[in-house]
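First the structure, in the form of structure tokens, and then the observations on it.
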Amino acid sequence: MSQVPIWFERKFEFSFPVELHPNLSARLRGTPARLEEALRGRSHKVLIRKAQDKWSAQEHAGHLLDLEPLWLARVGDYVAASDQLTVADLKNRKTDEANHNARPLEQILTDFRAARERLLKRVDELDPLLFARAIPHPRLKTPMRLVDHLYFVAEHDDHHLARIWEQFGQKHNRWVCLGAGKRSYLGARASAWPPPKIFSHFFPPRCSLVSEGSSRRIFPWELGGPD
């Protein structure tokens, strides 16, 4: 069972100061890099693997791309002082019908980075006073300032990044430890430091994690291990 909260059950409190909008823009600007880090270097089989008929990791990435026009349209709602923010398709038909698993990963990543740059370019052009303007959100039924909209998008980004990392799962990782000119492998979960005791004779530990389908190793200091 997923440990990531269901998006449509999330509750939001928009009580933070409007002056935080540069921080939220910075957070949004970092999403393409985090998405690329999560997906690049993994096998196509791992990227399109679907668990319990849910979206694959690549489909989650495609969904982030699919939502960029909505986020941009809602920025336009603030500029136009609309009565309500643009309504989203709550059934996500665009993503379900897009067949993102058949698309090249790099195309999705490139298109998402370009779309996010367009969104932030538009945000950067706005009068700072506009970030305090509030418009009702059609699903949440609560007024949402433009700065709250940026926070909402950032939380949506994180939701799908969390689902991607969860799909890859630590159970697919293995410890790789080097010592005395030998390489040893042992299947183990990555949820805790130190690595299995069988490697305790290595000092200092020369271990890293290799994820299934990925060429990237996760080193001890990324898990809170010894410096």
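The values are calculated or read from the model by the stated rules, or taken from the named source; none is laboratory data. Note that the coordinates shown come from a computational prediction; the quantities given were computed from them, not determined experimentally. Note that each Cβ is placed from the backbone with ideal geometry, even for glycine, and that neighbours are counted across all protein chains shown.
Take the residues in the range 41-89 that are polar (S, T, N, Q) and more than 18 Å from residue 153 (Cα to Cα); name whichever of them is surrounded by the fewest Cβ atoms within 10 Å (Cβ to Cβ). For the range 41-89, the residue satisfying everything is 52.
Residue 115 meets the stated requirement of being in contact (Cβ under 8 Å) with a residue 24 or more places away in the chain, in a helix (DSSP H, G or I) and over 14 Å from the mean Cα position of the chain (by Cα). Checked against (1) more than 19 Å from residue 7 (Cβ to Cβ); (2) over 19 Å from the mean Cα position of the chain (by Cα), residue 52 passes all but a single condition, namely (1). Restricted to helices (runs of 4 or more DSSP H) entirely inside the range 1-75, those with at least 3 residues that are aliphatic (A, V, I, L, M) are 21-29, 31-39.
Taking the range 121-171 as the range and being assigned to a helix (DSSP H, G or I) and charged (D, E, K, R) as the test, the residues that pass are 121, 122, 124, 148, 155, 157, 158, 163, 166, 171. Enumerate the pairs (first residue in the range 85-105 and in the same structural domain as residue 145 (by TED's automatic domain parsing); second residue anywhere and surrounded by fewer than 10 Cβ atoms within 10 Å (Cβ to Cβ) and modelled with pLDDT of 95 or more) with beta-carbon separation below 9 Å, excluding pairs fewer than 6 apart on the same chain, so at least 6 apart or on different chains. Short answer, once both residue conditions are applied: none. The residues on offer are 134, 154, 162, and the sole one that is in contact with a Lys or Arg (Cβ under 6 Å, 6 or more places away or on another chain), in the same structural domain as residue 25 (by TED's automatic domain parsing) and either among the polar types (S, T, N, Q) or within 19 Å of residue 5 (Cβ to Cβ) (or both) is 154. Just one of (1) at pLDDT 95 or above; (2) in contact with a Phe, Trp or Tyr (Cβ under 9 Å, 6 or more places away or on another chain); (3) assigned to a loop (DSSP other than H, G, I, E, B) fails for residue 87. It is (2).
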